[in-house]
Amino acid sequence: MLYLDHAATTPLRPEVREAMEPYLGVRFGNPSGIHATARRAKNSIEEARERIAASIGATNRLEIVFTGGGTEADNLAVIGAAIGAPGGVVTTAVEHPAVLESARFLDRMGHDVAIVSVDGDGSVAPDEIANAVDEGTAIVSVMMANNETGVIQPVAEVARLVRSAGDRVLVHTDAVQAFGSLAVEAYLGGPDLISVSAHKIGGPQGVGFLYVRDGARLEPVIHGGGQELGRRSGTHNVAAIVGLAAAVESTVEGRSDYRDQVGAARDRFERDLRSRVNVIVTADTADRIVSHSHLRFPGIPAETLLVRLDFVGVAAAAGAACHSGAIQESHVLAAMGIDGTAASESVRFSFGRDDDAETGAEAARVVSGVVEDLV
Ligand code: PLP
């Protein structure tokens, strides 16, 4: 089995599972209560918050808001900021649906929404973002790295330009795909809001956090018992939050090795494939995170290739967005000017933390074998 779909989700890391286990048994408890069992759960949540804040270089642990994953963090950032101001949204055409659909919802609610296009490599120009910002803008949202292509956006420069126009506008970045390989802490001082999801970094599914710079004004989107200082109501998932903290710490500690090792896997994969079959690497010249390899094999429909790869034990994804098992046209590729046949022949391979150059070589051997059979 060659699992090359880490951009979709990653296996739970052993140290994360170990950290979570007591909370699935004896260390149960609702952190909102007042008795000893509840207090222990509350302490575990606050300790997790502290450790995450320290790992990403946040100045204050209360800048970490736990959410039910990356989608929810994105919704809280974009909708929360736009309603909180109130004001409009500026974002890009290649964002994850968690951001784009939040923007579309705001549009239906009467907020101004500007969607800035990207170049052929999928990169957005910071000055185009800055030009789209006006006196009514509440929030700018530009992802750190794209989930389909892995292309890294110039987020620090976007934040600098937007900030220079005044600190009224909040800057959000979706770091869900980038967190494994890029130092989010380097961006503190940049974006006011950063979304992270546990299951892309060896943590459990359904939990994440939004970094909210001290003083950034957000209206909650989930209302109820007032947990997370009223910013996200709902009983805490203690085990998942403890797992998230373990995954964040482990990811930050291992990031430099990850870049070397996973980068070697991806580079070897692409190099070996190129020497054997006809393949086009999407956004080849752009700055990409090391895990992603978005490829087109001309003449081979992605669906056919994915089914054949699955037969031989290789898990990969359609280059186009894949929801509920159905391949849909990718808004990311369309925004880059890749559509029709080219888009339908695109496949995404994504490597994970245990992969290395050997994995890349093995993957290239198996994938090129299948491709040669199909041409
Ligand atoms: N943002 C990006 C860039 C993603 O890739 C994903 C997941 O694929 C999400 C947000 C959503 O995160 P979650 O699955 O935790 O809701």
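Structural remarks
- Meeting the requirement of 1 or more residues that are within 15 Å of the ligand (Cβ to nearest atom), the helices (runs of 4 or more DSSP H) wholly within segment 60-149 are 70-84, 97-108.
- Residue under evaluation THR304, criteria (1) surrounded by fewer than 23 Cβ atoms within 10 Å (Cβ to Cβ); (2) under 26 Å from ALA178 (Cβ atoms); (3) not aliphatic (A, V, I, L, M), criterion not met: (2)
- Residue that is in the same structural domain as PRO97 (by TED's automatic domain parsing), modelled with pLDDT of 95 or more and more than 21 Å from LEU100 (Cα to Cα), where the choices are GLU219, GLU228, GLU185: GLU228
- Those residues of segment 95-115 which are among the small types (Gly, Ala, Ser) and within 19 Å of GLY70 (Cα to Cα), in sequence order: ALA98, SER102, ALA103
- Test: ILE45 is surrounded by 19 or more Cβ atoms within 10 Å (Cβ to Cβ), over 23 Å from ARG168 (Cα atoms), touching a residue at least 60 places away in the same chain (Cβ under 8 Å) and within 16 Å of the ligand (Cβ to nearest atom): no
Condition check ((1) in the same structural domain as ASN146 (by TED's automatic domain parsing); (2) of a type outside the set (Val, Ile, Thr)) across all residues:
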| position | (1), (2) |
| --- | --- |
| VAL242 | yes, no |
| TYR258 | no, yes |
| GLN261 | no, yes |
| VAL277 | no, no |
| VAL281 | no, no |
| PRO301 | no, yes |
| PHE311 | no, yes |
| ALA315 | no, yes |
| ALA318 | no, yes |
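- Residue in segment 180-192 that is surrounded by fewer than 24 Cβ atoms within 10 Å (Cβ to Cβ), closer than 17 Å to THR59 by Cβ and within 16 Å of the ligand (Cβ to nearest atom) present: yes
- Look at segment 88-104: where a residue is free of Cβ contacts under 8 Å to residues at least 60 places away in the same chain and among the aliphatic types (A, V, I, L, M) and a partner is near the ligand (Cβ under 10 Å from one of its atoms) and not in a helix (DSSP H, G or I), sitting 6+ places away or on another chain with Cβ atoms under 9 Å, you get ALA103/GLU95.
The values are calculated or read from the model by the stated rules, or taken from the named source; none is laboratory data. Note that the structure is a prediction, hence the values are computed from the model and not measured. Cβ coordinates were reconstructed from backbone atoms using ideal geometry, including for glycine residues, and neighbour counts include every protein chain displayed.
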